[in-house]
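Student: Here's a structure for you.
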Amino acid sequence: LQETGSFSTNAILFPTGRNRLLPQSNDIITQIKEALDADTSMKLMITGHTDSDGDDKVNLVLSQKRDESVKDALIRSGIGANRLQIDGKGETEPSAENTTVAGKAQNRRVVFTKINE
């Protein structure tokens, strides 16, 4: 993140159709927090993506709610809310085909991008 300005992960997990972070997500949330602690001027855009299962409008709202959950977890860890923005994309920007289990898993991701101001 600090070197490239962007970091994409499939390690932030949620129950199907929900926005509650699963405990397995804690390690990556901690790593993002540590990157923000290391550079206190860094601000991030949190962009959530879903696979194409279900309604596209529902997936858009779900990705936005999931982004809020990630943002809230970082705020609870001590990161200022003013350093975090969200931009859920739903299923609109797949990184793989949504026709296979592996492709769908790849599309369910969160991207962190440094905001340059």
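The values are calculated or read from the model by the stated rules, or taken from the named source; none is laboratory data. Note that this is a predicted model, so its numbers are computed, not measured. Don't worry about glycine lacking a Cβ; one is built from the backbone with ideal geometry, like all the others, and counts go over all protein chains shown. We work out accessible area using only protein heavy atoms, side chains counted, and drop any ligands, DNA or RNA first. Shrake-Rupley method; radii C 1.70, N 1.55, O 1.52, S 1.80 Å.
Student: Hey, any idea what the orientation-averaged projected area of the convex hull of segment 50-96's Cα atoms comes to, in nm²?
Tutor: Numbers: hull surface 14.3 nm².
Averaged projected area of segment 50-96's Cα convex hull equals 3.6 nm².
Student: Only bridges whose two residues both fall in the chain count here: according to DSSP, what percent of them are antiparallel, nearest 5?
Tutor: Looking only at bridges with both residues in the chain, the antiparallel portion is about 70 percent.
Student: Hey, another quick one. Taking only Cα atoms, what is the 0 to 90° angle, nearest 10, from helix 26-38's long axis to the longest principal axis of the chain?
Tutor: 40
Student: Can you give the angle from 0 to 90° between the axis of helix 56-76 and the longest principal axis of the chain, with both taken from C-alpha atoms, to the nearest 10?
Tutor: 30
Student: What 222 nm value per residue comes from the helices of the chain, counting each DSSP H run with n ≥ 4 as -39,500 (n - 2.57) and dividing by all residues, nearest 500 deg cm²/dmol?
Tutor: Calculated mean residue ellipticity at 222 nm is -11000 deg cm²/dmol.
Student: Additional query: Would you mind checking which residues have amide H under 5 Å from I12's amide H? H placed 1.01 Å from N; only 5 or more apart, or other chain.
Tutor: Under 5 Å from the amide H of I12: V110.
Student: Mind grabbing the accessible area of E93 for me, 1.4 Å probe, Å², rounded to tens?
Tutor: That residue has around 90 Å² of solvent-accessible surface.
Student: Accessible area per residue for the chain in Å², computed with a 1.4 Å probe and the full protein assembly in place, what is it?
Tutor: For the chain, the solvent-accessible area averages 56 Å² per residue.
Student: Of all the C-alpha pairs in the chain, what % are more than 18 Å from each other?
Tutor: So the portion of pairs separated by more than 18 Å is 47 percent.
Student: Separate question: I'd like the distance separating the alpha-carbon centroids of segment 82-117 and segment 1-63, in whole Å.
Tutor: Taking the Cα centre of segment 1-63 as reference, the centre of segment 82-117 is 8 Å away.
Student: Further question: Check which residues have an amide H placed less than 5 Å from L44's amide H, if you skip close sequence neighbours.
Tutor: Here L84, Q85, I115 satisfy the definition.
Student: Starting from the Cα of E68, step 7 Å along the direction of its Cβ; do the same at E97; then give the gap between the two resulting points in nm.
Tutor: Roughly 3.6 nm, to one decimal.
Student: With a cap of 14 neighbouring Cβ atoms within 10 Å, and only residues DSSP puts in a loop, list the trypsin sites (Lys or Arg not before Pro) found in segment 1-103. Don't skip to the answer; put the middle values down first.
Tutor: Values: sites: R18, R20, K33, K43, K57, K65, R66, K71, R76, R83, K89; in loops: R18, R20, K43, K89.
Passing sites in segment 1-103 are R18, R20.
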